[in-house]
Each structure stands twice: as structure tokens, then as C-alpha cells.
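*Asks:* One structure, as C-alpha cells, below. Some questions next.
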């Protein structure tokens with residue numbers, strides 16, 4: 001209401017107004033009973049005597065812009081009326097809360113800064129409902145949040161539990177590999193990847209088990225070398241390791257419970273891409289004497305490292321190899337008897353599946 | 001680009017938002033969003049669920065979540081229920097209690113399933129947590145009534161004490177008297193598993209009488225029928241009641257007393273217990289039957305006609321657990337009377353008998369599937385099944401979420417066609433798109449696993465016994481079932497190939513159990529070596545696995561993902577496959 005309007009109103013109908021100023025400088029007056037519904041404004045009026053005129057307008061917190069103030073005042077205007085039933089209030093709230101997520105976030109923030117608890121409650125619940133049932137990526141997208149957890153923090157490798165440098169190295173390599181595969185997934189056609197999920201050469205893995213690439217020998221040779229080195233190096237690095245241990249994020253293995261499904265998807269979806277572990281190897285050799293990713297990394301005999309790298313690469317290749325013909329062989333071998341053709345509501349799904357195997 | 005201003009909140013606001021997000025899955029998702037959310041979330045996480053106590057260490061949990069008030073832990077694998085996990089395998093809760101005693105002085109709730117709990121643990125709980133409120137010991141063992149006495153005596157604000165299906169060394173019924181006279185906070189008390197015939201009945205009565213908020217009370221067999229009325233009259237607000245023995249010589253005054261006591265319980269919705277039932281006393285329940293939503297008669301040896309009469313009085317029934325005495329005729333009555341039925345469990349009265357002792361066949365289940373549109377969860381023991389019946393069930397009830405069929409004799413074929421039951425179970429997984437849990441039985445080839453791998457996209461738990469022809473079966477499941485968390489297999493011809501080819505899958509699951517299969521010791525070792533995030537446990541009570549050639553199959557294999565590394569509390573008959581040369585033992 002402008003000052004002109006106010007002059008026209010009869011004195012006995014005069015309401016009291018509170019003057020409010022938002023961060024952008026604009027000032028407005030609001031009916032007292034509405035504004036006083038906000039604890040922060042109430043406090044300013046009662047404790048500090050502010051708000052009685054334009055010159056003494058209450059400066060609202062920065063998070064309350066004019067648009068948000070308008071919404072908040074609508075809320076207050078409705079709820080400060082004492083006679084309303086719970087049903088009415090609830091119905092108002094349900095309609096009031098319908099807005100896009102961005103405004104909802106702004107509103108939550110603004111309501112919080114004005115200490116308007118019932119509105120914070122209402123908006124928080126609405127935000128919680130938006131978050132429920134979504135994946136971390138979806139949530140990140142909705143709220144424009146950075147993806148700043150490292151792969152290790154998400155996967156939680158075996159820190160602080162084993163001193164075996166080989167296992168730690170394997171962990172780090174696995175973590176790196178997963179990150180890589182994830183990045184590749186973003187670039188490549190996801191559907192193409194998923195089709196290849198089943199194409200793993202079992203026979204290859206078996207021949208690996210039987211020691212075709214002489215890894216076991218390699219391990220034995222370098223092990224004796226490793227023993228002497230390790231003892232020395234461990235003493236050297238213990239204090240450094242302790243420092244790093246504390247610096248790193250604490251293990252939160254429970255993350256793995258939910259993100260492992262993601263990881264599993266990532267690894268399987270990345271099948272078919274022949275991973276290039278050379279980059280990973282270079283990282284290790286370049287950073288031999290540094291601490292990569294702030295990770296605990298004992299000095300390991302480079303020859304042993306090489307062996308481990310090759311082991312991991314082989315194993316990874318086995319897991320990822322795309323030998324569709326081999327797998328088809330294996331699959332068709334198991335199909336001496338065709339599945340019974342009966343109609344499930346006449347739908348073709350079962351029949352289609354059966355046909356695909358006859359290729 | 002990122003509009004950071006619009007979406008940033010002060011921590012307290014985010015905490016408030018998170019306080020409305022309670023499911024574990026959602027909390028886990030929130031913690032993976034970004035660093036700041038992870039940090040805020042972990043400080044305001046109050047409830048933690050750990051599905052495998054060896055997947056993470058207590059210290060890790062405590063470091064990550066400093067303000068936990070409620071914890072739920074599971075120990076032994078599910079097949080422990082069928083005596084497949086030898087005694088002493090593990091699942092000890094004491095290390096957890098010991099760590100939490102120092103770290104979580106305000107802990108309020110502990111819920112355990114299939115864990116070994118000692119009196120020492122119970123005493124430690126009683127001593128350490130000043131505001132302790134809820135203790136649930138589901139299928140636990142290792143403790144006695146002395147431990148319970150400590151809990152009763154010390155926990156001033158105890159709300160729930162639930163010992164369902166646990167094995168308790170029942171030394172004396174006197175432990176109940178340890179609840180101080182000042183204890184009035186009980187909401188739930190379940191002592192149905194206590195075996196002894198002694199119970200301090202007067203202590204029980206007084207306890208029940210002074211707890212006005214008591215909603216759930218499950219007595220044990222020691223409480224005789226004539227005592228029930230007294231208890232009920234002191235707790236007419238009960239919602240859930242488990243009787244003791246429900247047998248006595250029929251006496252009119254006892255009967256009318258009992259009927260009167262039941263009818264005064266206006267809130268009673270759930271009944272259980274009923275050991276040794278005398279059918280003549282069943283009508284005492286009729287006044288509350290119209291309100292009943294849950295009825296557990298799995299110990300009640302009452303025959304079909306009496307069951308039919310009882311069930312016909314319960315039109316609101318949502319959950320029924322019953323012995324196969326119910327027979328097809330009883331299930332047909334259920335199908336016509338109980339349109340709200342959601343869960344049905346039919347247990348065998350004589351599982352080891354050679355011949356069927358009751359007329360319960362696949363027809364009963366088909367009738368229920370046809371008549372009960374809300375049926376979601378089934379556990380059914382029977383002696384014969386057909387593909388046609390399974391297809392019918394699948395078509396009638398695509399809303400099934402749990403389907404556990406146990407045909408008592410292994411490898412039983414379709415009794416009509418003598419074919420395997422592949423097609424029938426295939427129909428179940430194809431039609432029931434939200435199926436989360438499935439147990440197979442009967443004669444099954446690799447084909448059933450093809451169907452499961454193709455259609456079982458939401459399947460989380462699968463139990464398999466005496467099924468399949470080759471590794472292909474296991475491969476189908478591991479490569480196809482995207483949501484699989486728990487897989488338990490016994491007596492199937494699954495070997496190394498499928499397991500090794502799908503090694504990465506195992507890290508996405510909680511656990512895999514394989515016993516009496518064909519997985520070689522060499523493969524176990526390889527798996528343990530190559531997959532540092534898995535604990536590969538070989539269990540063999542007869543001799544160490546390395547006393548035989550590597551190609552020999554292991555007796556029992558339990559693989560589970562873990563960030564805590566190999567455990568150190570293993571008994572002599574468990575070996576963890578670990579580093580290249582050394583096997584941890």
C-alpha cells in the first residue's frame with residue numbers, strides 16, 4: 001500500500017505496518033501481524049525496536065530476495081490467521097509447496113534465515129521427497145552439485161587393514177581402472193557395451209589359471225628381492241604413511257554397499273573396451289617416489305610392480321575380453337533340448353529368446 | 001554452469017532435509033552425492049543397517065558415523081537356518097558391543113539377526129548404554145537368562161525386548177523378576193522362544209500390569225491356558241499377542257473367562273503362539289477374529305475343518321502362517337474369505353515322512369493365487385507341483401514379490417508330465433516383474449536359470465538346491481540378475497568356470513553361499529588372490545582343503561564382499577583364501 005492510500009483510510013481502520021528492506025535495497029511495508037509471524041522479524045521489532053518507519057527498515061538476510069519474501073509473506077498471511085482448521089492449513093501447504101526445485105531451495109534457505117520453522121519444515125520435507133528414490137547422479141543434477149568424491153572415497157579400498165603392498169597396489173589399480181572405464185562409458189554408446197556383458201572367455205581364464213604366462217615364477221623370483229627391500233622401506237615410510245593415513249578420508253565401507261551396484265554396472269558396461277593400462281603403469285613409474293593421489297604407497301621393487309601390473313592387466317583382459325564366438329559356442333552347447341514352446345498369454349518374449357539361440 | 005548460490009544451504013538446513021530421509025538406500029545415495037553432503041550426512045546419520053557383520057569393522061562404522069543411535073546387524077548366512085553352517089562359524093557380536101560401548105554412549109537400539117550373543121555381551125549392553133531402549137535378538141544364540149536378567153535390571157527405559165526364534169539357555173524363569181518395580185516403559189516383550197516350563201508368572205503379571213504402553217506380548221509355552229485371561233485383562237490395549245499352550249481340558253468357566261478376556265482387547269489385531277491347541281477353545285477367539293490381520297498358527301496342530309471355521313471368521317486377514325494341516329480345502333476357504341491376504345506361509349507337519357500325511361497339493365496355492373488379489377509373499381511346502389499350476393499362479397498374481405516354493409523331495413518333476421519345472425518357474429519370473437526373492441525346488445535344468453537371468457531383473461535373493469546341469473546355469477544367474485544381492489546354492493553341479501568368469505559380479509553382491517557343489521580349491525584360492533575386496537571362505541569340518549589336490553571340490557564356500565579384510569575369529573574348520581602364497585587360517 002502506498003502512502004497516498006494510507007492517508008485515505010480512516011484512522012480507526014489503520015493497521016500497523018512493519019518496514020522491511022531486502023538485500024537489493026528495495027524497501028516495503030508489510031502488515032504487522034503478517035511480518036511478526038517470522039521470529040527473526042519479531043526479534044528485530046521487539047528487541048531492537050526496528051521496522052517502525054522507512055528509515056528504520058529491518059534489513060533482511062541476504063538469502064531473502066524480494067521474490068522469496070513475497071512467497072514467505074503469502075505463507076505468513078495465511079497461517080497467522082488463528083481460526084483456520086488443520087485441514088485448511090494442510091491444503092494450503094500442499095498447494096503452496098508446488099514449485100520448481102530451484103525456487104524450493106531458495107525458499108528453504110530464505111525461510112531458515114528468517115527462522116520460520118514451520119515453513120522450513122514444510123520445504124525440507126518437500127526437498128526430502130524429491131531426493132528419495134533417486135540415484136546420486138540424479139541428485140547431483142537436480143541440485144547442481146559437484147561430483148567431487150574421489151573413486152577411492154566412493155569405493156573404499158582396504159586401507160588400514162593390510163600391510164601387503166601388493167594388495168594395496170591392486171586396490172589402487174582397480175580403483176583407477178574403474179574410473180577409466182567410467183570415463184569411457186561416458187564417451188561410448190552404452191547399449192553397445194551392455195550387449196557385450198556376457199562375452200567373457202571362460203577358457204582364457206582357465207588357461208590363465210593353469211599358469212600360461214609364467215606369473216607364478218615371476219612372483220617367486222622377485223619375492224626374495226622384495227623381502228629385503230620391504231623391511232628397509234617400511235621403516236622409512238612408516239611415519240610418512242601414518243601422516244597420510246590420517247590425512248585421507250576415513251573408510252566408509254558402507255558406501256560400497258550402495259555404490260557397488262554402480263561399480264558393477266560400470267565394470268560390466270565397460271566390457272569390450274580393451275583397456276589401456278599403459279597410462280596407469282606410467283603413473284606408477286613416474287610417481288614411484290612420490291605419493292600418488294595422496295595414497296599410501298610403499299616402495300615396491302619396480303620389477304615386482306611390473307609383474308603385478310601385467311598380472312592385473314591380464315586378469316582385466318580376461319574379464320573384459322570380447323570373444324562372442326566362444327561364448328556362443330558355450331551357450332549353444334548347453335542347448336541340446338529346445339525350451340518348450342507354450343504361449344504365455346500369446347506373448348512372444350519366450351519364443352523370441354529361444355529363436356535367438358538358434359543362431 | 002552451476003548455479004551454486006541457488007542450491008547451497010547452511011548445514012543445519014540440509015540436516016533438516018536429511019532428517020526426513022530415513023531409508024538406508026536413500027541415505028547411502030545422499031552420502032555419494034558430493035563431499036559436503038557426505039560430510040553432513042554422516043554426522044546426522046542415526047540408524048545404520050549392516051547386512052553382513054564381516055563386511056565392515058566396528059571401528060570403520062564408528063569413525064564414519066559418530067552419532068548413531070540405532071544399529072542393525074546380521075551375522076550368519078541364511079542357510080544357517082537349515083543347519084548348513086557349522087557351529088562356531090562366527091557372527092560374534094561382542095567385538096561390536098565392546099567398541100560401541102565406548103563410542104556410542106547414547107546408543108538406544110540394537111537389532112541382531114543370526115548372531116552369537118553371549119551373556120557377557122548382554123551385560124556390557126546393560127552397563128554401557130544409559131538410554132538403551134530396544135533389544136531385538138532374532139535367531140540368535142549363545143546367551144542365557146542370566147544375560148537377560150542383566151538387561152532387565154539395568155535398562156531403565158527399556159521399550160522392547162524381543163527374542164524371537166533365538167536359542168536361549170533357559171536357566172530359570174526368575175529373570176523376569178529382575179525388572180524393577182519402577183519399570184513401566186515396556187512396549188514390546190517377546191519371550192516365545194524360552195523353552196523351560198518355568199516362568200515366574202507372578203513377576204510377569206505384575207510387569208504386564210504396570211506397563212500401560214505394552215502393545216506386543218508374546219508368551220512362551222510355560223504359560224498355560226488358564227493364565228492367559230489374567231494377563232489379557234491386565235493389558236487390554238494389546239495389539240499383538242502370542243499365547244502359550246492353548247490346550248487344557250474343556251471347562252466352561254475357563255472358556256468363558258478366556259472369551260471375555262479376548263473380547264475386552266479392542267485393539268488386538270495379531271495372534272500367534274498356539275502350541276498344542278485344543279480346538280474346542282478356538283471359539284474363544286471369535287470375538288476378535290473380525291479385526292485380525294495377522295495369524296500365526298505354525299505351531300498349531302489343528303486339522304482342516306477347525307482351521308476352516310477359524311479362518312472364515314477372519315475376513316481382514318493379511319498374513320497367515322499355518323501348517324499343511326490346512327489342506328487344499330482350507331486354502332480354498334481362505335481364498336474365498338480373505339480378500340486382503342498379502343502373505344501366506346504353509347509349513348510341513350511331517351517333512352521327513354515318506355508319504356504325504358495330508359491332502360495339500362499345488363491346488364491349494366493355485367486357489368489362493370486366484371482368490372486373493374493382494375497376495376505378494378508366498379512360502380509353500382508341498383509334495384507335488386506342475387508347470388501348469390505355476391504358470392497359472394504366475395498369470396494370476398503378477399504382483400508377487402516373494403515366491404518360495406519347497407517341494408519336499410529333491411528333483412521332483414512335474415507330476416503330470418514328468419518334465420522339469422523350468423517352464424513353470426520361468427513363468428513366475430517372467431510375469432512377476434517385481435519379484436525380489438525366489439526359492440526354487442523340484443527337477444530343474446539349466447533352462448530355468450536362463451529364464452531367471454533373462455527376466456529376474458529385480459531379483460535380490462535366490463535360493464537354489466539340487467538344480468541345474470552345468471556351469472551355464474550359474475553363469476546365467478550371475479550375468480543376468482542385475483539386482484542380485486544374495487545367492488545361496490546347495491547340491492548343484494556348478495563349478496569353477498561360471499564363478500571365475502563372473503568374479504567381478506561378486507563384488508556387487510552381499511554374499512554367495514555354495515555347498516556340495518563342484519567348485520575346486522584351486523579356483524577358491526585364485527578368487528581370493530585376485531579379488532581383494534572379497535572374503536573367500538572355505539569351510540570344511542572333515543579335513544583341511546590343502547590336504548587334497550587343488551582340483552578337488554570344496555565342501556562349503558562362502559564368499560562375501562568386505563572392506564574390513566579377512567576376519568580373525570575363524571574356527572579351525574574355516575579358511576580364508578588370501579594372499580598369493582599364504583592362506584590365512
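Just so it is clear, none of the values below were taken in a lab; they were calculated from the coordinates. Just so it is clear, the model here is predicted, and its values are computed rather than measured. Because the Cβ atoms are built from the backbone with ideal geometry, glycine has one as well, and the counts that use them run over all protein chains shown.
*Asks:* What shape does segment B:310-405 take by its C-alpha gyration tensor, where a ≥ b ≥ c are the square roots of the eigenvalues and a/c under 1.5 counts as rounded, a/b above b/c as prolate, and the rest as oblate?
*Replies:* Working: a/c = 1.78, a/b = 1.22, b/c = 1.47.
Because a/c hits 1.5 or more and a/b fails to exceed b/c, segment B:310-405 counts as oblate.
*Asks:* Further question on the same structure: Tell me, what is the percent relative contact order of chain B, built from C-alpha pairs under 8 Å that lie six or more residues apart? Numbers along the way, then the final one.
*Replies:* Working: 1378 pairs, mean separation 35.5, N = 585.
This gives 6 percent for chain B.
*Asks:* While we're here: Report the label-to-label distance for residue B:552 and residue A:100 in nanometres (one decimal), using points 7 Å from each Cα along the Cα→Cβ vector.
*Replies:* Output for this residue pair reads 7.0 nm.
*Asks:* Just tell me how shielded B:472-482 is by partners: mean number of partner chain Cβ atoms within 10 Å of each residue's Cβ, no decimals. Working shown, then result.
*Replies:* Values: counts 5, 1, 0, 7, 3, 0, 1, 6, 2, 0, 5.
Shielding by partners across B:472-482 averages 3.
*Asks:* Continuing with the same structure: Taking the mean number of other Cβ atoms within 10 Å as a proxy for protection, how do you rank A:107-120, B:236-249 from highest to lowest? Don't jump to the answer; show the numbers that get you there.
*Replies:* On the way: A:107-120: 21.6, B:236-249: 19.4.
So the peptides A:107-120, B:236-249, ranked by packing, come out A:107-120, B:236-249.
*Asks:* Let me ask something additional. Say R0 is 60 Å: what FRET efficiency, to the nearest 0.05, do residue B:309 and residue A:147 get from their beta-carbon distance?
*Replies:* Working: r = 63 Å, r/R0 = 1.04.
Efficiency, from the Cβ-Cβ distance: 0.45.
*Asks:* Stretched out fully, how many nm does the piece from residue B:195 to residue B:213 gain, at 0.36 nm a residue minus the Cα gap?
*Replies:* On the way: separation 18, 0.36 × 18 = 6.48 nm, distance 2.65 nm.
Full-extension gain reported as 3.8 nm.
*Asks:* Here is a further query. Label residue A:46 and residue B:301 with points 7 Å out from Cα along Cα→Cβ: what is the distance between them in nm?
*Replies:* 7.2
*Asks:* Report the extension gain between residue B:374 and residue B:339 in nm, rounded to one decimal, defined as 0.36 nm multiplied by the number of residues separating them, less their alpha carbon distance. Walk me through the numbers on the way to the answer.
*Replies:* Working: separation 35, 0.36 × 35 = 12.60 nm, distance 0.74 nm.
Stretched out fully, the residue B:374 to residue B:339 stretch lengthens by 11.9 nm.
*Asks:* Using 0.36 nm times the number of residues separating residue B:12 and residue B:35, minus their current alpha carbon distance, what extension gain do you get? Before the final figure, lay out the partial values.
*Replies:* On the way: separation 23, 0.36 × 23 = 8.28 nm, distance 1.60 nm.
Going from the current span to full extension adds 6.7 nm.
*Asks:* Within 10 Å of each Cβ of B:24-30, how many other protein chain Cβ atoms are there on average? Mind dumping the intermediate values first?
*Replies:* Details: counts 3, 4, 7, 2, 8, 11, 7.
Mean shielding by partner chains, rounded to a whole number: 6.
*Asks:* Follow-up question, since we're still on this one. Give, as ranges by residue number, the residues of segment A:90-118 whose backbone N falls under 19 Å from the point 7 Å along Cα→Cβ of residue A:62.
*Replies:* A:105-115
*Asks:* Using the Kirkwood radius over Cα pairs, work out the Stokes-Einstein diffusion coefficient for segment A:17-143 at 4 °C and 1.567 mPa s, in µm²/s as a whole number.
*Replies:* On the way: Rh = 15.4 Å.
D, rounded to a whole number, is 84 µm²/s.
*Asks:* So, R0 is 30 Å and r is the distance between the beta-carbons of residue B:182 and residue B:267; what FRET efficiency does that work out to, to 0.05?
*Replies:* Details: r = 26 Å, r/R0 = 0.86.
The pair residue B:182/residue B:267 has a calculated efficiency of 0.70.
*Asks:* Starting from the Cα gyration tensor of segment A:58-132, take the square roots of the eigenvalues, sort them a ≥ b ≥ c, and report rounded, prolate or oblate (rounded when a/c is under 1.5, otherwise prolate if a/b is larger than b/c, else oblate). It would help to have the intermediate numbers written out before the result.
*Replies:* Details: a/c = 1.94, a/b = 1.12, b/c = 1.73.
Taking the square roots of the gyration eigenvalues as a ≥ b ≥ c, segment A:58-132 is oblate.
*Asks:* Give the shape of chain B as rounded, prolate or oblate, defined through the alpha-carbon gyration tensor: a ≥ b ≥ c are the square roots of its eigenvalues, a/c under 1.5 means rounded, and otherwise the shape is prolate if a/b is larger than b/c and oblate if not.
*Replies:* On the way: a/c = 1.58, a/b = 1.13, b/c = 1.40.
The shape class here is oblate.
*Asks:* I would also like to ask the following. Let me confirm one metric for peptide B:447-454, namely the mean number of other chain beta-carbon atoms within 10 Å of its residues' beta-carbons. Mind dumping the intermediate values first?
*Replies:* On the way: counts 7, 0, 1, 7, 3, 0, 1, 3.
Taking the mean over all residues of the peptide, I get 3.
*Asks:* For segment B:160-207 and segment B:323-384, what is the separation of their C-alpha centers, rounded to whole Å?
*Replies:* Measuring centre to centre over Cα atoms gives 34 Å.
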